[in-house]
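The values are calculated or read from the model by the stated rules, or taken from the named source; none is laboratory data. Since this is a predicted model, take the numbers as computed values, not measurements. Every residue, glycine as well, gets a Cβ built from its backbone with ideal geometry; the counts of neighbours run over all protein chains shown. Accessible surface is based on the protein model in full, side chains and every heavy atom, while ligands, DNA and RNA are left aside. Shrake-Rupley method; radii C 1.70, N 1.55, O 1.52, S 1.80 Å.
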Amino acid sequence: MINQIPDSADSLTILTDKHKRRLAKRHVFSPGSGKWVTEGYPDKLAFFDVEQHPVRSLADLERVLRETAVDPSRVVIRAEPNASAFAAIAETGFTRRNKECFAATPRRWVCVDVDSVTAPGFDIRTDPAGVVAWLVKTQFPPEFQNTRILWQLSSSAGLRDPEAVKVHLWCWLSRPLGFQELKAWRLQGGFPADDAMFRDVQIHYVADPSFQGAPDPCARRWGVLEGEHGEIHVPEIDLTQARQKAADRGESLTGLVSGKDVAEILSKMGDGDGGHGFHAVIISAQMKWARTTPPAFYDRQRAALKQAIREAARNAQRRPGRSLADVERDYLTDDVLDRGIDGAIKRAKERQVEAAADFPPFVPLREAQTAIYAAARQFFKEALR
């Protein structure tokens, strides 16, 4: 079901798993070890029903999110369904969650995922509101101050280190922003955030986790940081400066990680200092491979690429709370890797078509031969690196 949204309103895209599975973590307490054992999300989240709900303010956003969170089979993404999604839903009732079925859409709302900050002297289990107030005051730029922000503790909050800040900050913005501007703003403002949540089809899990064997260690998981302002006034964003900052870090505002070859890109895998996470590195390595591998070699070299990605990911540093099983499930299954590789091949072919469209229709034969030979030499030079 897709609801039509008035042009004057922003909207929240809500997906419901085709099989109505619980899309929330489950924590089981082990009395013997005194620790929590976490069961992650289901594998192969492929097909969804789609709804769109209008939102015009942070209050609207809170209402819709809380209503959504009641049903653990529902999640949120930033993108909007396009004609392909409409066609798939009309035929089967469901659509895939990918960029072919959902269009990138700037939003006035954003979820800022904070997962790598420590609040000395605070306890997120007993005083989550105090932790959030400290976080915004000390870690975020002026535009966030004295502004109402909806917060929700992450699924892993409070399970281990009580000083570890793991929270989602839902904010209402003065103007719509897309991925590149959000990442540029984060680089410019220097605030802690996982860029993955800015991606168009990135799943935002909103249902609270379940607990077995012991109660939730956190006193509450939702709240509002009060302030005089109802929205964050987005400052002027210098994309040129942000691109340079991203380049200095070996990244780009498109989210891709740079490197002279696949091996160099994969060396940047992992969390922590110097790491670029898992998703962006894997996608970037697949794109580099698709652009530098002769198409005739795609099939025979696919298995080697998948093995290289798996080896790099399994040996990469992981942040607390992210297990090897999480990495295997989220990034390394055959289904996930093959879809990523197929997408990279498709985008590489599209770029070749776009480049060909810019080529003049008539050129002297000798000039054309020279250009072709030069392009072939450059292609094989990159392919053999």
Rg ratio (alpha-carbon, reference 2.2 N^0.38 Å) - region 146-206: 1.24
Measure off 7 Å from each Cα along the Cα-to-Cβ vector at Phe29 and Asp43, then give the distance between these two points in nanometres to one decimal. 3.1
Where His19, His229, His168 fall by accessible area, highest first, once all protein chains stay in place (1.4 Å): His19, His229, His168
Rounded to whole Å², per residue accessible area for the chain with a 1.4 Å probe reads 49
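So, R0 is 51 Å and r is the distance between the beta-carbons of Val336 and Glu228; what FRET efficiency does that work out to, to 0.05?
The value I calculate is 0.70.
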One checks the Cα atoms of region 104-224 and finds Rg and Dmax, in Å, of 14.5, 45
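From the Cα trace of region 268-352, what convex hull volume per residue do you get, rounded to a whole Å³?
Cα convex hull per residue, to the nearest whole number: 83 Å³.
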Considering the convex hull of the alpha carbon atoms of region 31-93, report its projected area averaged over all viewing directions, in nm², one decimal. 7.2
Exposure ranking of Thr138, Thr16 by accessible area [1.4 Å probe, largest first]: Thr138, Thr16
State, in angstrom, two size descriptors of the chain derived from its alpha carbons: Rg to one decimal place and Dmax to the nearest whole number. 22.5, 80
Give me the net charge of Arg74's neighbourhood, meaning all other residues with Cβ under 10 Å from the Cβ of Arg74; Lys, Arg count +1, Asp, Glu -1. -4
Ordered by number, the chymotrypsin sites (Phe, Trp or Tyr not before Pro) in region 24-96 that occupy a DSSP loop and have at most 16 other Cβ atoms within 10 Å are none
Filtered hits (lysines, Cα-Cα < 17 Å from Lys166, offset >= 8 within chain) -> Lys25, Lys137
Placing +1 at every Lys and Arg Cβ and -1 at every Asp and Glu Cβ, with all other atoms neutral, what dipole size does the chain have around its Cα centre, in debye to the nearest 20? 980
Which order do peptides 203-209, 339-345 fall in by mean Cβ count within 10 Å, highest first? 203-209, 339-345
On a 0 to 90 degree scale, rounded to 10, what angle separates helix 279-292 from the longest Cα axis of the chain? 10
Between Thr254 and Arg314, what FRET efficiency comes out of the Förster formula 1/(1 + (r/R0)^6) with R0 = 30 Å and r the beta carbon distance, rounded to 0.05? 0.70
Between Thr240, Thr118, Thr293, which gets the highest mean-square fluctuation from a Gaussian network model of the chain, Cα cutoff 10 Å? Thr240
From largest accessible area down, sort Asp200, Asp17; use a 1.4 Å probe on the protein chains. Asp200, Asp17
Please tell me the relative contact order of region 1-149 in percent, rounded to the nearest whole number, where contacts are Cα pairs under 8 Å and at least six residues apart. 24
Per-residue [θ]222 nm for the chain (sum of -39500 (n - 2.57) over DSSP H runs n ≥ 4, rounded to 500): -12000 deg cm²/dmol
Cα principal axis extents for region 185-287, largest first, Å: 49, 41, 25
Between region 313-333 and region 246-276, the Cα center-to-center distance that results, in Å: 17
Between 0 and 90°, nearest 10: helix 365-383 axis offset from the chain longest Cα axis: 50
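Using the structure shown, select from Lys44/Lys183; Lys44/Lys306; Lys288/Lys346 the pairs with a Cα to Cα distance greater than 22 angstrom. Intermediate results must be reported in sequence, preceding the final value.
Working: Lys44/Lys183 28 Å; Lys44/Lys306 18 Å; Lys288/Lys346 13 Å.
As for pairs spanning more than 22 Å Cα to Cα, those are Lys44/Lys183.
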For region 34-133, list log₁₀ I(q)/I(0) at each q in 0.15, 0.23, 0.24 Å⁻¹, using the Debye formula over Cα point scatterers of equal strength and ignoring solvent, two decimals each. -0.88, -1.34, -1.37
Just to be sure I follow: if Rg is taken over the C-alpha atoms of region 210-342 and Rh is the Kirkwood radius over the same atoms, what is Rg/Rh? 1.10
Ranked from highest to lowest mean number of other Cβ atoms within 10 Å per residue, what is the order of the peptides 73-80, 144-151? 73-80, 144-151
Using only the alpha carbons of region 72-126, determine the length spanned along each of the three principal axes and report them from longest to shortest in whole angstroms. 55, 26, 16
Which residues does a label at Thr118 reach in region 163-195, if reach means a backbone N under 15 Å from a point 7 Å past the Cα toward the Cβ? 163-166
How much length would be gained if the chain were fully extended between Glu67 and Arg351, taking 0.36 nm per residue of separation minus their Cα-Cα distance, in nm to one decimal? 98.1 nm
Measuring from the longest principal axis of the C-alpha atoms of the chain, the long axis of helix 58-69 (C-alpha) lies at a number of degrees, nearest 10, equal to 90
